[in-house]
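J.: The structure follows.
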Amino acid sequence: MEKLVAGIHRFRSKITHHQAQELRKLAKGQKPLAMMITCADSRIIPNLIMQTDPGDLFILRNVGNIIPPYGTANNGEAAAIEFAVTGLGVRDIIVCGHTHCGAMKGLLKPELLNDLPTTREWLKHATATQAIMKENYPRMKGERLLTATAEENVLVQLQQLETMPVVAARCMRGNLFLHGWMYAIETGEVFEYDWETGQFTLMKAPGRPDTADGNSASSAKQASGKKSAAARTQRGSSNRLRASRPKRK
Ligand code: ZN
């Protein structure tokens, strides 16, 4: 705890006049740029990855970046999403998975959850991910399988996000955009799900044209290498993708 308490004091002592003004402004209300839903894993620091400031990101974290489907009892995730969308007017929701995810390991090896009954119960909201992996990736193993599971789970959770009426309605109108991301812990890289190609590709810098091989160094890309296919929308339902998920041998 010492490191944490010392950090609090260091933070306070280093606040500049400008930062103090910004903090006072934030006390009057928030207008975040986006909502981010990601894993509780300590190795993911959204504000570091995106170099954001207080007030920029409305963040929801849990084990496995999971979004229980609409209608689930005591759905705290749904409450946070509803508040972000309806209360704060957020127009972008990012669901971000990551490499080396312990929750995904639990999905692949349920015996790891024998002493974690609450986690096992929670991960039932990712049963679809489990089934997708079992049926479509029978020969993939090790780290590649783990990363592919995290990627598929991002897509499954995006689908579950769309079961929320407020999300579905705003996506349809083009007032809300959904994004699937993967964070590679080992490199700090972020991969974005491309709704057109069905691939996770390295996040391009703003205004930079497409490159043919923007993701060659990525373990996340290696693990996927597939056209995913689930039906999701980034720009509302007008260009909703409804391809079928390819089988992997
Ligand atoms: Zn995780």
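The values are calculated or read from the model by the stated rules, or taken from the named source; none is laboratory data. Only a predicted model underlies this, so the values are computations on that prediction, with no experimental measurement involved. Methodologically, a virtual Cβ is constructed for each residue, glycine included, from the backbone with ideal geometry; neighbour enumeration extends over all protein chains shown.
J.: What are the residue pairs meeting all of these: first residue in region 57-81, first residue in contact (Cβ under 8 Å) with a residue 12 or more places away in the chain, second residue more than 16 Å from the ligand (Cβ to nearest atom) and of a type in the set (Gly, Ala, Ser), Cβ atoms under 6 Å, and 6 or more apart or on different chains?
T.: PHE58/ALA84; LEU60/ALA80
J.: Which condition number does ALA131 fail, the rest of (1) over 25 Å from GLY174 (Cβ atoms); (2) assigned to a loop (DSSP other than H, G, I, E, B); (3) aliphatic (A, V, I, L, M) being met?
T.: Unmet condition: (2).
J.: Could you check, for region 106-125, whether at least one of its residues is in contact with a strand residue (DSSP E or B) (Cβ under 9 Å, 6 or more places away or on another chain), of a type in the set (S, T, N, Q), at pLDDT 95 or above and within 15 Å of the ligand (Cβ to nearest atom)? Step through it out loud before you land on a result.
T.: Keep residues of region 106-125 that are in contact with a strand residue (DSSP E or B) (Cβ under 9 Å, 6 or more places away or on another chain), which gives 122.
Within this subset, residues satisfying the condition of being of a type in the set (S, T, N, Q) are none.
Scanning region 106-125 turns up no residue that is in contact with a strand residue (DSSP E or B) (Cβ under 9 Å, 6 or more places away or on another chain), of a type in the set (S, T, N, Q), at pLDDT 95 or above and within 15 Å of the ligand (Cβ to nearest atom).
J.: Starting from region 1-28, take each residue that is under 12 Å from ASP53 (Cβ atoms) and list its partners that are assigned to a loop (DSSP other than H, G, I, E, B) and modelled with pLDDT of 95 or more, counting only C-beta distances under 6 angstrom and pairs at least six apart or across chains.
T.: Qualifying pairs under 6 Å: LEU26/PRO54; LEU26/GLY55.
J.: Over 25 Å from GLY174 (Cα atoms), hydroxyl-bearing (Ser, Thr, Tyr) and part of a helix (DSSP H, G or I) - does that describe any residue in region 115-122?
T.: Pass one, region 115-122, residues over 25 Å from GLY174 (Cα atoms): 115-122.
Within this subset, residues satisfying the condition of being hydroxyl-bearing (Ser, Thr, Tyr) are 118-119.
Imposing the further condition that a residue be part of a helix (DSSP H, G or I) reduces the set to 118-119.
Yes, that holds for at least one residue.
J.: Which condition from (1) at pLDDT 95 or above; (2) assigned to a helix (DSSP H, G or I) is the one that MET172 breaks?
T.: (1)
J.: Taking the options PRO69, PRO46, PRO32, name whichever one is under 18 Å from ALA168 (Cα atoms) and surrounded by 15 or more Cβ atoms within 10 Å (Cβ to Cβ). Outline the logic, then answer.
T.: Numbers: PRO46 fails: under 18 Å from ALA168 (Cα atoms); PRO32 fails: under 18 Å from ALA168 (Cα atoms).
After ruling out the rest, the residue left standing is PRO69.
J.: Can you pull out the residues in region 124-155 that are of a type in the set (Val, Ile, Thr) and surrounded by 24 or more Cβ atoms within 10 Å (Cβ to Cβ)? Talk me through it step by step, then tell me what you get.
T.: In the first step, residues of region 124-155 are kept if they are of a type in the set (Val, Ile, Thr); the result is 127, 129, 132, 147, 149, 154.
Correct list: THR129, THR147, THR149, VAL154.
J.: A follow-up question, please. Looking at region 159-166, can you tell me whether even one residue there is within 16 Å of the ligand (Cβ to nearest atom), under 19 Å from GLN199 (Cα atoms) and within 13 Å of the chain's Cα centre (by Cα)? I'd like the intermediate steps shown before the answer.
T.: Of region 159-166, the ones within 16 Å of the ligand (Cβ to nearest atom) are none.
Within region 159-166, none of the residues are within 16 Å of the ligand (Cβ to nearest atom), under 19 Å from GLN199 (Cα atoms) and within 13 Å of the chain's Cα centre (by Cα).
J.: Determine which single condition ILE185 fails, assuming it passes every other condition in (1) surrounded by fewer than 16 Cβ atoms within 10 Å (Cβ to Cβ); (2) at pLDDT 95 or above; (3) more than 18 Å from ILE66 (Cβ to Cβ); (4) more than 13 Å from the ligand (Cβ to nearest atom).
T.: Condition (4) is where ILE185 drops out.
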